[in-house]
Amino acid sequence: MDRPVAVITGATSGLGRIAALDLAGRGYRVGVVARSRAKADALVGELRTAADDVPVDVFHADLGLVSQAHRIGQEIAAHYPRVDVLINNAGLHAFSQRTTAEGFAEMTAVNYLGPFVLTQALTDRLLASAPARIVNVASEASRQARRIAPAEDLRRVDPYTRRESMALYGRTKLMTIMWTQELARRLDATKVTVNCCDPGFNATGLGRDLPGSEVLRRVLNTLRVGDPRKGAGIIVRLAADPAFARVSGGYLSVRDAQPLECPEPGRDAGVQKELWEETVALLAAREAG
């Protein structure tokens, strides 16, 4: 364990894949949290082709299920004596409502509840590994959310249209920013920093539910629009650049890591604390029930 350890979700494609390759090239041991075994195997092969001595570990879980997020967090904590970086990158933009087996809106579960639970399960290991870092991937789509009512929004499972999906996706990313900033207040920044970022527009598989998305992605790639290397770059900077070693509670832009403000509905520390407390209560009720 002479290498630093970086655990990353959503690493089998898009921004996560590029970030994983970059971190491996920087000498990190990479822990990949993946749902698809075939995609995880392909990524391991790619990582080892790029750096044949890089240690890679795969942990299989569906982060849309909070029970699996908790389980895999415990497995990771037991597997590694230290975790230097946790990157919550997995994300989903669903164009119609789907609920998980646990009764949550899938987009809320994947984009917010799963990362929250995984991070909680790994917090003690991160603190014991100080100095460590947490990086959460948010989005400027958060500005599409015109309101936030934590108790209600965490539990919403009502149907929505494709047009309405952007505001709801944005709300899950607003929750990510709010949670990041509340978590930063709860952690000693000399031990663990926590930041989030807007990776910009990227031609990745995030909108894979949209008909024709694969054709659109190929066209954008040909035109060099939405280059995911830029989005992955800000993730890696927050994870590994010494310049961010003591920065915590930030929401940073893909554009040269310039600071961004949390959108107004979730900017107040009071509503951020409310989201935290409602999330903890919701998860405790699920566990008890």
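Identify the single condition in (1) over 18 Å from the mean Cα position of the chain (by Cα); (2) open to solvent by 70 Å² or more (accessible area, probe 1.4 Å) that R35 does not satisfy, given that it satisfies every other one. Result: R35 fails condition (1) only.
Taking M166, is it modelled with pLDDT of 95 or more and either outside any helix (DSSP H, G or I) or surrounded by 20 or more Cβ atoms within 10 Å (Cβ to Cβ) (or both)?
no
Restricting the first member to segment 1-28 and to residues that are in contact (Cβ under 8 Å) with a residue 24 or more places away in the chain, and the second to residues that are open to solvent by 40 Å² or more (accessible area, probe 1.4 Å) and in a helix (DSSP H, G or I), the beta-carbon pairs closer than 6 Å and six or more apart or on different chains are A11/R17; T12/K39; I18/R229; L21/A50.
Among the numbered criteria (1) touching a strand residue (DSSP E or B) at 6+ places or on another chain (Cβ under 8 Å); (2) in contact (Cβ under 8 Å) with a residue 12 or more places away in the chain; (3) open to solvent by 50 Å² or more (accessible area, probe 1.4 Å), which single criterion is violated by R48? Tallying (1) touching a strand residue (DSSP E or B) at 6+ places or on another chain (Cβ under 8 Å); (2) in contact (Cβ under 8 Å) with a residue 12 or more places away in the chain; (3) open to solvent by 50 Å² or more (accessible area, probe 1.4 Å), R48 fails exactly one: (2). Screening D227 against (1) at pLDDT 95 or above; (2) within 20 Å of S139 (Cα to Cα) leaves a single unmet condition, (1).
Looking for whichever is open to solvent by less than 20 Å² (accessible area, probe 1.4 Å), modelled with pLDDT of 95 or more, assigned to a loop (DSSP other than H, G, I, E, B) and hydrophobic (A, V, I, L, M, F, W, C) here; the options are A101, A109, A90, A94. Which one fits?
Being open to solvent by less than 20 Å² (accessible area, probe 1.4 Å), modelled with pLDDT of 95 or more, assigned to a loop (DSSP other than H, G, I, E, B) and hydrophobic (A, V, I, L, M, F, W, C) holds for just one of A101, A109, A90, A94, which is A94.
Filtering segment 4-25 to residues that are at pLDDT below 95 and either assigned to a loop (DSSP other than H, G, I, E, B) or β-branched (V, I, T) (or both) leaves only S13. Taking segment 142-153, which residues are part of a loop (DSSP other than H, G, I, E, B) and within 27 Å of G231 (Cα to Cα)? If the condition is that a residue be part of a loop (DSSP other than H, G, I, E, B) and within 27 Å of G231 (Cα to Cα), then A145, R146, R147, I148 are the ones that fit.
Go through segment 124-141 and give me each residue that's in contact with a Lys or Arg (Cβ under 9 Å, 6 or more places away or on another chain) and in a helix (DSSP H, G or I). Hits for segment 124-141 are R125, L126, L127, A128, E140, A141. Contact annotation: residue pairs with Cβ atoms under 7 Å, 6 or more positions apart or on different chains, pairing a residue in segment 53-78 that is part of a helix (DSSP H, G or I) with a partner that is at pLDDT below 95, are V66/R286.
The values are calculated or read from the model by the stated rules, or taken from the named source; none is laboratory data. Nothing here was measured: the structure is a model prediction, and the numbers come from that model. Positions of Cβ are backbone-derived with ideal geometry, glycine not excepted, and every protein chain shown enters the neighbour counts. The protein model used for the area step is the full one, side chains on, heavy atoms only, and it has no ligands, DNA or RNA in it. Shrake-Rupley method; radii C 1.70, N 1.55, O 1.52, S 1.80 Å.
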